[in-house]
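Presented below is the structure to which this report refers.
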Amino acid sequence: MDPVPQALASRLEQFRAALPVGRRILIIPHDFPDPDALAAAAAIHLLLDKHFGLNSQIAFSGEVSRAENKELLRRLCCRWHRMGELYLRRGADHDCILIDTAPWSKNVTLPPGARVRAVLDHHEYKETATWPGLFTDIRHEVGATTTIANEYVRAAGVELPRWLASIMAYAIASETQDLSREVSNIDLRAYIDLVPQADLRIIGRIRHAPLSRSYYIHLQEALARARLLRDIAWTHLSHVEQPEIAAEVADLLLRMEGVRWSFCIAELPGRLFVSLRSKRRGARCSRILRSAIGRAGAAGGHDQMAAGYLSTGETAGLELEEKRLALARQIIRRMAPRQREGDIPAEAAAERLVE
Ligand SMILES: [Mn+2]
């Protein structure tokens with residue numbers, strides 16, 4: 001094994017120094033955690049146990065609904081908890097490590113009394129914050145938080161069990177579309193490092209997890225409603241319970257020849273959830289979505305992929321539809337800035353993707 005670079009060894013030391021000794025630590029990935037958040041959380045859980053000698057628990061809010069992600073969660077051989085089911089002493093402080101998210105990102109639910117001690121993340125933020133004792137490693141040029149977690153585990157010389165190396169390799173691949181999107185050299189190295197330690201059958205099982213019937217129903221709805229305007233493809237889903245399907249649909253639309261931008265809006269209770277994608281480098285997806293959504297919601301992500309939501313409260317029926325159409329126009333306008341707003345056809349007039 002290569003010697004551990006000094007900078008990495010000292011970062012590992014700083015990470016340890018930020019964590020309290022003799023207290024339980026909560027490892028919290030973002031709400032509705034994806035493979036990257038879950039795999040990185042499991043790797044950090046192992047690091048704390050084996051190298052720091054610290055007791056920790058993984059806890060998250062929101063469901064895991066995508067078939068592949070459910071299968072991955074099933075193969076997580078360390079204990080994890082739903083935040084709501086975790087016993088947390090009232091009025092007490094809870095030491096936390098945030099994974100694939102940050103305290104100022106609006107996609108994570110923290111328990112009352114949360115004290116964030118460390119943040120490992122790779123999202124792009126307009127503004128960040130810090131406070132005494134907080135350890136942060138936020139590198140938006142890295143394709144996956146799992147890659148960052150792998151660096152620490154390696155630097156500590158902790159051996160990965162096969163199941164964990166498998167889900168970590170899968171996580172890096174899924175986060176970067178099989179190393180084809182927003183991938184850096186350190187992601188490639190981490191992936192190459194993990195694969196020989198992995199059980200490739202586990203990765204195959206995750207990749208080909210059985211799909212629910214509702215998945216096909218959503219897919220049919222999404223395709224039937226999909227529209228095309230030059231190189232932009234978009235669609236929407238009504239009555240969705242979980243946001244993950246919107247990302248799957250956006251990815252699928254983006255694969256179409258000639259399409260360079262895609263997005264899917266999903267109607268969730270009280271909010272319109274958006275998943276946005278681009279094939280272009282320098283697309284600034286997270287900025288586009290933040291500015292399209294404005295103050296009535298939140299958005300974040302990366303250069304070529306982003307997600308966010310617009311709060312809609314009790315709005316329903318026609319009023320909700322108008323909000324959705326307005327949001328779609330705001331997004332399209334930013335994808336095609338040279339197109340005058342008046343030239344963007346109404347959704348009903350735009351070409352159908354599937355005739
Ligand atoms: Mn991630």
* Structure fact -> The summed charge of the Leu254 Cβ neighbourhood (under 9 Å; Lys/Arg +1, Asp/Glu -1) stands at +3
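Suppose a student asked you for the relative contact order of the chain, using Cα pairs under 8 Å spaced at least 6 residues apart; what percent would you report?
On the way: 655 pairs, mean separation 46.4, N = 355.
Computed value for the chain: 13 percent relative contact order.
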* Asked: Among Gly300, Gly133, Gly91, which one moves the most in a GNM of the chain with springs linking Cα atoms closer than 10 Å?
  -> Gly91
* To do: Place a +1 charge on the Cβ of each Lys and Arg in the range 164-239 and a -1 charge on the Cβ of each Asp and Glu, then give the dipole magnitude about the Cα centre in debye, rounded to the nearest 20.
  => 340
* To do: Report, to the nearest 10°, how far helix 185-194 tilts away from the longest principal axis of the Cα atoms in the chain, using its own Cα long axis and a range of 0 to 90°.
  => 60
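For the range 205-339, with only Lys/Arg (+1) and Asp/Glu (-1) charged at the beta-carbon, what is the dipole magnitude about the Cα centre, in debye rounded to 20?
Values: 23 positive and 13 negative charges, 164 e Å.
Roughly 780 debye for the range 205-339.
Tell me whether the chain comes out rounded, prolate or oblate; compute the Cα gyration tensor, take square roots of the eigenvalues as a ≥ b ≥ c, and use a/c under 1.5 as the rounded threshold. Intermediate results must be reported in sequence, preceding the final value.
Numbers: a/c = 1.85, a/b = 1.63, b/c = 1.13.
Prolate shape, in that a/c is at least 1.5 and a/b is the bigger ratio.
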* **Residue of Arg89, Arg66, Arg205 that the Gaussian network model of the chain assigns the largest fluctuation, springs spanning Cα pairs under 10 Å** => Arg89
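Take the alpha carbon gyration tensor of the range 6-207, find the square roots of its eigenvalues, order them as a ≥ b ≥ c, and report rounded if a/c is under 1.5; if not, report prolate when a/b exceeds b/c, else oblate. If you can, show how the numbers build up before the last one.
On the way: a/c = 1.44, a/b = 1.27, b/c = 1.13.
Taking the square roots of the gyration eigenvalues as a ≥ b ≥ c, the range 6-207 is rounded.
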* **Centroid-to-centroid separation of the range 78-122 and the range 215-268 [C-alpha atoms, Å]** => 31
* For Trp80, what accessible area in Å² do you get when you roll a 1.4 Å probe over the heavy atoms of the protein chains, rounding to the nearest 10? -> 70
* To do: With a ≥ b ≥ c taken as the square roots of the eigenvalues of the C-alpha gyration tensor of the range 136-204, please select rounded if a/c is under 1.5 and otherwise prolate if a/b is larger than b/c or oblate if it is not?
  => oblate
* Lysine pairs in the chain with Cα atoms under 29 Å, if 8 or more residues apart or on separate chains -> 9
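Net charge near Asp49: determine it from the other residues with C-beta under 14 Å of the C-beta of Asp49, scoring Lys and Arg +1 and Asp and Glu -1.
On the way: positive: Arg16, Arg24, Lys50, Arg79; negative: Glu159.
In short, +3.
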* Asked: What nm distance separates the two modelled labels at Leu200 and Ala7, each placed 7 Å from Cα along Cα→Cβ?
  -> 3.4
* Asked: Can you give the FRET efficiency for Trp104 and Val354, using 1/(1 + (r/R0)^6), R0 = 35 Å, r = Cβ-Cβ distance, to the nearest 0.05?
  -> 0.30
* Return the sequence-ordered ³J(HN,Hα) values of the range 321-335 in whole Hz as given by the Karplus equation 6.51 cos²θ - 1.76 cosθ + 1.60 applied to θ = phi - 60°, using x for Gly and Pro. => 4, 5, 4, 5, 5, 5, 5, 4, 5, 4, 5, 4, 4, 7, 7
* Structure fact -> Ala18 neighbourhood, Cβ < 12 Å, K/R = +1, D/E = -1, net charge +1
* To do: Compute the long axis of helix 6-17 from its Cα atoms, compare it with the longest principal axis of the Cα atoms of the chain, and write down the angle in degrees, 0 to 90, nearest 10.
  => 90
* If the chain between Lys279 and Ser212 were fully stretched, how many nm would it gain, using 0.36 nm times the residue separation less the Cα-Cα distance? -> 21.3 nm
* **Sparsely packed GluC sites (Glu not before Pro) within the range 241-340, loop by DSSP, other Cβ within 10 Å at most 15** => Glu241, Glu257, Glu314
* Helix-only [θ]222 nm of the chain, DSSP H runs n ≥ 4, -39500 (n - 2.57) each, per residue, nearest 500 -> -11000 deg cm²/dmol
* So what's the gap between the Cα centers of the range 34-51 and the range 131-168, to the nearest angstrom? -> 7
* Asked: Does anyone have the angle between helix 145-155 and the longest principal axis of the chain? Alpha-carbon axes, 0 to 90°, nearest 10?
  -> 20
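Which FRET efficiency, nearest 0.05, do Glu85 and Glu257 yield, Cβ-Cβ r, R0 35 Å? Walk me through the numbers before you get to the answer.
Numbers: r = 46 Å, r/R0 = 1.31.
Efficiency, from the Cβ-Cβ distance: 0.15.
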* Structure fact -> If every Lys and Arg gets +1 and every Asp and Glu gets -1 at its Cβ, then about the Cα centre the chain yields a dipole, in debye to the nearest 20, of 280
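The values are calculated or read from the model by the stated rules, or taken from the named source; none is laboratory data. Predicted, not measured: the structure shown is a model, and the values here were computed from it. We place every Cβ from the backbone using ideal geometry, glycine too, and count neighbours over all the protein chains shown. In case anyone asks, the SASA skips ligands and DNA or RNA and just uses the protein heavy atoms, side chains included. Shrake-Rupley method; radii C 1.70, N 1.55, O 1.52, S 1.80 Å.
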